[in-house]
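Worksheet: the structure to be examined is printed underneath.
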Amino acid sequence: MILIDKIKQTRDFLQGKGMVAPEFGLILGSGLGELAQEVENAIVLDYAEIPNWGRSTVVGHAGKLVYGDLAGRKVLALQGRFHFYEGNPLEVVTFPVRVMKALGCQGVLVTNAAGGIGFGPGTLMAISDHINLTGQNPLIGANLDDFGPRFPDMSNAYSKDYRQTAHRVAEKLGIKLDEGVYIGVTGPSYETPAEIRAFKTMGVDAVGMSTVPEVIVAAHSGLKVLGISAITNHAAGFQDELNHEEVVAVTQRIKADFKGLVKAVLAEL
């Protein structure tokens, strides 16, 4: 089955389950999926139930699709995403974004846990731009003309309007929200200290193993994006060792601010 037919099949399946006309898609990264538990009037599906959908295998990713009301908005929330390093083709990694567009979403809020280069653990960072260092692009292959052009502009992949709203809301809530550039790598190994020094020279503030493919597809599809990184650890060379347990632990510490910020931003968009 070709990609466009898979998208339509999955859209029709989700609509048949009552997931109709979401306004915003939420992609919730490592340790951040708890926000989906606050969705009201929720319809919840395990990823395994959804045709053409991937599987999430990482600790901290529940693997559920949640639809309902959050902060007065209809949302479609991914409680766990798919990563290239899990062996997923980029078509699978970005498929949920395509479905969000097909269902009628106007924007996507993308979150991730990231290593800090410009910022330390516990920081929330609005993504202003990214560098794609994966060596991959999810748009390689036949273009989906129904979604966007062959050569999409990435100049404003992260909506300036959405970021301004996020900063205004954060100030009102007394939450510190920084802003910076995210670099996407494939993983699953963490970066070497030499790589981090190179990234710092390039003007990078945070590094992670997700987000970039989804945002490229969102931009191609005409979806506005707000990206927020939870800085969960210092990048390599800034601390003795790196481990995923620390990532999950720090997200637990900052989850209250994170959830409060996302809900308040949704209410304002």
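Cross-link list 8/263; 101/172; 8/224; 101/200; 176/259; 17/255: which exceed 23 angstrom alpha carbon to alpha carbon?
8/263; 101/172; 101/200; 17/255
Projected area of segment 1-107, taken from the Cα convex hull and averaged over every viewing direction, in nm²?
6.2 nm²
Taking 2.2 N^0.38 Å as the expected size of a compact globular protein, what ratio does the Cα radius of gyration of segment 59-180 give against it, to two decimals?
For segment 59-180, the normalised Cα radius of gyration comes out at 1.18.
Distance in nm between label sites at residue 85 and residue 173, each 7 Å beyond Cα in the beta-carbon direction?
Each label point is offset 7 Å from its Cα along the Cβ direction, giving 2.7 nm.
Could you go through segment 128-145 in sequence order and give the Karplus-derived ³J(HN,Hα) for each residue, using 6.51 cos²θ - 1.76 cosθ + 1.60 with θ = phi - 60°, rounded to whole Hz, and x for Gly and Pro?
Here the 3J(HN,Hα) series is 8, 6, 9, 10, 8, 10, 7, x, 10, 9, x, 8, 5, x, 4, 6, 8, 4 Hz.
Of the candidates 227, 203, 174, which one comes out as most mobile in a Gaussian network treatment of the chain with C-alpha springs shorter than 10 Å?
Its mean-square fluctuation being the largest, the pick is 174.
Residues with amide H under 5 Å of residue 147's amide H, sequence separation 5 or more or different chain, H placed in the peptide plane at 1.01 Å from N; which?
Excluding prolines and chain starts, which carry no amide H, there are no hits.
Using the membrane-span-like helix rule (whole DSSP H runs, Cα extent along the own axis of at least 15 Å, mean Kyte-Doolittle hydropathy at least -1.0), which helices of the chain qualify?
3-16, 90-103, 244-268
Under the 0.36 nm per residue contour assumption, what length would be gained going from the current alpha-carbon distance of residue 201 and residue 4 to full extension?
66.9 nm
What is the set of long-range amide H partners of residue 123 at a cut-off below 5 Å, with H atoms built 1.01 Å from backbone N?
231
Name the residue, out of 65, 223, 45, whose mean-square fluctuation peaks in a Gaussian network model built on the chain with Cα pairs under 10 Å.
Largest GNM mean-square fluctuation: 45.
Per residue of segment 41-53, in order, report the coupling 6.51 cos²θ - 1.76 cosθ + 1.60 (Karplus, θ = phi - 60°) as ³J(HN,Hα) in whole Hz, putting x for Gly and Pro.
The phi angles translate into 6, 6, 10, 10, 10, 5, 4, 5, 7, 9, x, 6, 8 Hz.
Once amide H atoms are placed 1.01 Å from N in the peptide plane, what residues at a sequence separation of 5 or more from residue 108, or on another chain, have their amide H within under 5 Å of its amide H?
It is 25, 224, 225, 226, by chain and number.
Using the Karplus curve 6.51 cos²θ - 1.76 cosθ + 1.60 with θ = phi - 60°, what ³J(HN,Hα) values do you get for each residue of segment 153-158, in whole Hz, with x for Gly and Pro?
Residue by residue, segment 153-158 yields 6, 10, 4, 10, 4, 9 Hz.
For the chain, go through all pairs of different Cα atoms, get the mean of 1/r, take its inverse, and jot down that Kirkwood value in Å.
18.4 Å
Values in this text are rule-based calculations from the coordinates and carry no lab data. Treat the numbers as computed from the prediction; the structure is a model and nothing was measured. Reconstructed Cβ throughout: ideal geometry from the backbone, glycine too, with neighbour counts over all protein chains shown.
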